Amino acid sequence: MQLINNLSSRITKYEMEIRQSIDRVITSGWLVLGPEVKQFEQSFAQYLGAEHCITLANGTDAIELALKAMGIGVGDRVATVANAGMYATTAMLAAGAEPYFMDVDFETRCTTLAEVKRAIENEVKAVIVTHLYGLAIPEISQIAVCCAQKGVLLLEDCAQAHGAELENQKVGTFGDAACFSFYPTKNLGALGDGGAVVTNN
Ligand SMILES: Cc1ncc(COP(=O)(O)O)c(C=O)c1O
């Protein structure tokens with residue numbers, strides 16, 4: 001039987017490197033954060049073409065803390081997608097914000113410029129867009145321009161799209177900030193939970 005998420009085959013492939021990394025961490029005595037994490041943050045930011053990467057416990061915390069850092073709080077309306085906005089909704093409710101749901105394109109399952117414009121007309125303070133299935137939202141550039149022109153904050157949820165790009169620009173660098181998850185089944189999965197916020201701000 002073939003399992004869709006057979007993590008052990010992925011782990012076995014890199015077993016030596018993984019075990020060496022674990023040994024390095026144990027020997028260093030830095031079990032939380034520390035130089036290995038710093039190095040990952042720098043490498044990941046550089047890979048994406050972003051200035052900063054701040055690692056966190058998981059992708060949902062990343063969304064919540066990014067929203068709070070953006071000044072989103074009690075009573076603020078924040079847009080998210082109807083089909084993959086569960087994590088964004090959990091995060092915004094934790095920040096006291098109110099979810100506004102955007103519809104998605106039937107083919108791509110991603111939100112569109114038209115839906116982002118509708119959200120802005122409905123007075124959202126921030127928009128969270130979700131890149132899905134390892135691909136960039138086709139209209140992400142236009143969405144980013146529109147949000148910037150209207151003074152609406154744009155947070156990209158890249159939990160499913162590490163390394164995806166559009167016109168040589170990686171997702172996670174279009175908006176004001178972006179969130180990543182390193183949950184084991186993700187495109188870039190850790191041996192446990194992990195997440196990050198990436199930003200140029
Ligand atoms: C689109 C999307 N956003 C956010 C998350 C949340 O990430 P985490 O499970 O690390 O909290 C996930 C994955 O679970 C996801 O698929």
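Considering the stretch 21-67, and only residues there that are within 17 Å of the chain's Cα centre (by Cα) and among the aromatic types (F, W, Y), the residue that is farthest from the ligand (Cβ to nearest atom) turns out to be Y47.
Looking only at residues in the stretch 170-183 that are touching an Asp or Glu at 6+ places or on another chain (Cβ under 8 Å) and assigned to a loop (DSSP other than H, G, I, E, B), which one is nearest to the ligand (Cβ to nearest atom)? Among them, the one singled out is Y183.
Among the residues making up the stretch 113-132, those that are within 16 Å of the ligand (Cβ to nearest atom) and touching a strand residue (DSSP E or B) at 6+ places or on another chain (Cβ under 8 Å) are A126, V127, I128, V129, T130, H131.
Restricting to the stretch 68-86, name every residue that is touching a strand residue (DSSP E or B) at 6+ places or on another chain (Cβ under 7 Å) and within 13 Å of the ligand (Cβ to nearest atom). Hits for the stretch 68-86 are T80, V81, A82, A84, G85.
For (1) of a type in the set (D, E, K, R); (2) part of a loop (DSSP other than H, G, I, E, B); (3) open to solvent by less than 40 Å² (accessible area, probe 1.4 Å); (4) touching a residue at least 12 places away in the same chain (Cβ under 8 Å), each residue gets a yes or a no:
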| site | (1), (2), (3), (4) |
| --- | --- |
| F44 | no, no, yes, yes |
| I54 | no, no, no, yes |
| K68 | yes, no, no, yes |
| G75 | no, yes, no, yes |
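Number of residues in the stretch 1-42 that are hydrophobic (A, V, I, L, M, F, W, C) and surrounded by 12 or more Cβ atoms within 10 Å (Cβ to Cβ): the value is 7. Looking only at residues in the stretch 78-97 that are out of contact with any Ser or Thr (no Cβ under 8 Å at 6 or more places or on another chain) and open to solvent by 80 Å² or more (accessible area, probe 1.4 Å), the one that is nearest to A161 (Cα to Cα) is M86.
Being open to solvent by 40 Å² or more (accessible area, probe 1.4 Å) and within 16 Å of the ligand (Cβ to nearest atom) is a description that does not apply to M102.
For the stretch 77-128, which residues satisfy the criterion of being part of a helix (DSSP H, G or I), small (G, A, S) and touching a residue at least 24 places away in the same chain (Cβ under 8 Å)?
Selection gives A88, A91, A94, A119.
Considering (1) more than 11 Å from the ligand (Cβ to nearest atom); (2) in contact with a strand residue (DSSP E or B) (Cβ under 7 Å, 6 or more places away or on another chain), the lone condition that L135 does not fulfil carries the number (2). Only residues that are over 28 Å from E17 (Cβ atoms) and either within 15 Å of the ligand (Cβ to nearest atom) or surrounded by 15 or more Cβ atoms within 10 Å (Cβ to Cβ) (or both) were counted across the stretch 151-169, and they come to 8.
The values are calculated or read from the model by the stated rules, or taken from the named source; none is laboratory data. Model, not experiment: these values are computed from the prediction. Positions of Cβ are generated from backbone atoms using ideal geometry, with glycine treated the same way; all protein chains shown enter the neighbour counts. Quick note on the areas: whole protein, heavy atoms, side chains included, nothing else; ligands and nucleic acids left out. Shrake-Rupley method; radii C 1.70, N 1.55, O 1.52, S 1.80 Å.
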